[in-house]
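Structure first, then comments.
The values are calculated or read from the model by the stated rules, or taken from the named source; none is laboratory data. Treat the numbers as computed from the prediction; the structure is a model and nothing was measured. Quick reminder, even Gly has a Cβ in these numbers, built from the backbone with ideal geometry, and neighbours come from all protein chains shown. Protein only, heavy atoms only, side chains kept; ligands, DNA and RNA dropped before computing areas. Shrake-Rupley method; radii C 1.70, N 1.55, O 1.52, S 1.80 Å.
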Amino acid sequence: MIEFHMTVTPPWREVDYKKISQAVHDSGVLVAEVVTLALNGVVIPGMTKSIHDEQAARGVERHDLGLLEFSVTAPDMVSQYERGKDPWDMKPDLINGPRSRPLKDGKGRYNIIPFKHNEDELPQAVADMSSGLSLSSVIGHYIDGEGKTRNRYEWGSNTGDTSEFTPIVTKPQIGGMERPYTHKASVHSNMYKFSNGLVTFRAVSSRSHQASWWHPAEPENPIMKSVEDVVTPLIEARLNAAWREELNW
């Protein structure tokens with residue numbers, strides 16, 4: 001469990017702590033809100049990248065521990081973002097995952113991976129292309145030969161080849177591979193528009209190049225430390241104001 005914890009030390013004078021207790025409670029609420037924002041895509045100063053983890057955000061909890069103490073906890077999964085990761089090969093998990101299916105000749109498996117794209121982050125030319133796309137949608141479901149539920153789609157138009165505007169990427173040497181790997185399409189090529197956003201679909205199979213689905217290393221991302229650095233001055237100001245009011249200073 002990842003935890004932000006604060007205890008307020010009482011002064012020498014006798015007070016009822018009502019205003020202080022409220023300030024401590026409000027401070028806990030503030031910390032929980034900022035941690036939740038940090039896990040829902042907001043980059044807090046000090047973080048190395050955005051995190052989009054709705055499950056982790058829903059797991060943030062605030063606890064009042066008496067009148068002058070609180071803690072805010074985040075799920076253990078947050079530690080994986082804080083530690084960072086070495087490069088890893090995604091292919092084995094993808095071709096053996098719950099959504100994979102057999103190749104037509106039965107010699108191996110494949111999976112179709114959707115990638116969502118933020119329209120605000122597209123090159124202008126690609127954004128212009130995507131704005132004119134007709135809508136694609138899921139129109140039903142069917143059960144495949146392995147008993148898995150699959151979507152039926154009604155396909156709208158797609159962007160086609162966008163490599164003129166988003167060049168095809170060559171990955172550097174990664175995961176012990178001797179040569180860099182060049183992708184077969186640019187990141188926004190053949191992008192479709194759905195009601196919930198823009199999506200590209202990419203296939204990975206047992207026959208995919210050994211370097212094609214390596215994920216680059218992820219740096220350490222000090223989420224809780226960044227939250228602490230941002231909220232501590234705000235909490236101190238709030239508590240100082242409460243003490244002054246409580247003690248008539």
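Here Leu239 fulfils each of the conditions (1) modelled with pLDDT of 95 or more; (2) crowded, with 18+ Cβ neighbours inside 10 Å; (3) within 30 Å of Asp26 (Cβ to Cβ) apart from (1). If I filter segment 167-185 for residues that are in contact with a Pro (Cβ under 6 Å, 6 or more places away or on another chain), crowded, with 16+ Cβ neighbours inside 10 Å, not aromatic (Phe, Trp, Tyr) and not in a strand (DSSP E or B), do I get at least one hit? Yes, the conditions are met somewhere in segment 167-185. Just so you know, in segment 25-61 the residues that are in contact with a Phe, Trp or Tyr (Cβ under 6 Å, 6 or more places away or on another chain) and β-branched (Val, Ile, Thr) include one that is nearest to Ala217 (Cα to Cα), and it is Ile51.
For segment 204-214, the criterion of being open to solvent by 50 Å² or more (accessible area, probe 1.4 Å), part of a strand (DSSP E or B) and farther than 24 Å from Val43 by Cα is met by none of the residues.
For first residues located in segment 100-121 and more than 16 Å from Ala203 (Cα to Cα) and of a type in the set (A, V, I, L, M), partners that are modelled with pLDDT under 95 and not in a helix (DSSP H, G or I) and lie 6+ apart or on another chain with Cβ distances below 7 Å do not occur. The residues listed here are Ala237, Ala211, Ala242; of these, the one that is of a type in the set (A, V, I, L, M) and touching a strand residue (DSSP E or B) at 6+ places or on another chain (Cβ under 6 Å) is Ala211. So, Ile44, is that one in a helix (DSSP H, G or I), in contact with a helix residue (DSSP H, G or I) (Cβ under 7 Å, 6 or more places away or on another chain) and buried (at least 21 other Cβ atoms within 10 Å of the Cβ) or not? Against the criterion (in a helix (DSSP H, G or I), in contact with a helix residue (DSSP H, G or I) (Cβ under 7 Å, 6 or more places away or on another chain) and buried (at least 21 other Cβ atoms within 10 Å of the Cβ)), Ile44 does not qualify.
Residues in segment 106-143 that are touching a Leu at 6+ places or on another chain (Cβ under 7 Å), farther than 14 Å from Val199 by Cβ and among the acidic types (Asp, Glu): there are none. Tallying residues that are hydroxyl-bearing (Ser, Thr, Tyr) and modelled with pLDDT under 95 within segment 28-48 yields 1.
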